[in-house]
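Engineer: Dropping the structure in here first, questions after.
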Amino acid sequence: MRSRVYNELASAIRTLRIPPGASLSETDLSAQLEVSRMPLREAIALDSDL
């Protein structure tokens, strides 16, 4: 689950569906990705490890 969410977020950033400087809401993103907030948090943590 975490890797799917990470891949979807990375794709949204690369294709500018999430523009630079955009304010991100865990609640909104989790609703858009149809996941709970925990996999979203894990995916964001993966990105911060890079």
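The values are calculated or read from the model by the stated rules, or taken from the named source; none is laboratory data. These figures come from a predicted structure and were not determined experimentally. No Cβ is skipped: glycine too gets one built from the backbone with ideal geometry, and neighbour counts run over all protein chains shown. To get the accessible areas, we keep the full protein, side chains included, count just its heavy atoms, and leave off ligands, DNA and RNA. Shrake-Rupley method; radii C 1.70, N 1.55, O 1.52, S 1.80 Å.
Engineer: Would you mind getting the accessible area per residue of the chain, heavy atoms of the protein chains only, 1.4 Å probe, in Å²?
Structural biologist: Value for the chain: 74 Å² per residue.
Engineer: Could you tell me which GluC sites (Glu not before Pro) in the chain are loop residues by DSSP with no more than 14 other beta carbons within 10 angstrom of their beta carbon?
Structural biologist: Of the GluC sites (Glu not before Pro), the ones in loops of the chain whose Cβ has at most 14 other Cβ atoms within 10 Å are GLU34.
Engineer: In the set [x] 1.14; [y] 2.25; [z] 1.03, which value of Cα Rg over 2.2 N^0.38 Å was calculated from the structure you see?
Structural biologist: Label of the calculated value: [z].
Engineer: Carbon and sulfur together cover what percent of the accessible area of the chain at a 1.4 Å probe radius?
Structural biologist: On the chain, the fraction of accessible area on carbon and sulfur atoms equals 53 percent.
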